[in-house]
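A.B. asks: Mind having a look at this structure? Questions to follow.
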Amino acid sequence: MDAKTRFAALETMCRERALLAEKDLRYWLEEAEEWARFKAAQEPTIDSPPLQLEIGIQSDVSIP
């Protein structure tokens, strides 16, 4: 593979990753807005359990 072909492939890869990152960014911004609306609509109560987010956490322990 010559240099021009490699550079073209790298350019294509970077553009594809940028598009994916943009979609990911939009998703997380919409998610944040949804949580902001929920927070504004609800009065938190003392009896509410804490929210546990399992983002990207992998564990060897299985939960039944």
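Rule-based calculations on the coordinates, nothing more; no lab input. Since the structure is predicted, the reported quantities are computational estimates derived from the model, not experimental observations. Methodologically, a virtual Cβ is constructed for each residue, glycine included, from the backbone with ideal geometry; neighbour enumeration extends over all protein chains shown.
A.B. asks: Suppose every Lys and Arg Cβ carries +1 and every Asp and Glu Cβ carries -1, with no other charges. What dipole size does the stretch 1-43 come out with about its Cα centre, to the nearest 20 debye?
C.D. replies: 260 debye
A.B. asks: May I pose another question? ³J(HN,Hα) across the stretch 11-28 via Karplus (A = 6.51, B = -1.76, C = 1.60, θ = phi - 60°), whole Hz, x for Gly/Pro?
C.D. replies: Ordered by residue, 3J(HN,Hα) equals 4, 4, 4, 5, 5, 5, 5, 5, 5, 5, 5, 5, 5, 5, 4, 4, 4, 5 Hz.
A.B. asks: Express in nm, to one decimal, how much length is gained between Leu19 and Phe7 on full extension, taking 0.36 nm for each residue of separation and deducting their alpha carbon distance.
C.D. replies: So the chain would gain 2.5 nm between Leu19 and Phe7.
A.B. asks: Along its three principal axes, how long is the stretch 1-43 when you only count alpha carbons? Whole Å, largest extent first please.
C.D. replies: That gives 62, 8, 7 Å along the principal axes, largest extent first.
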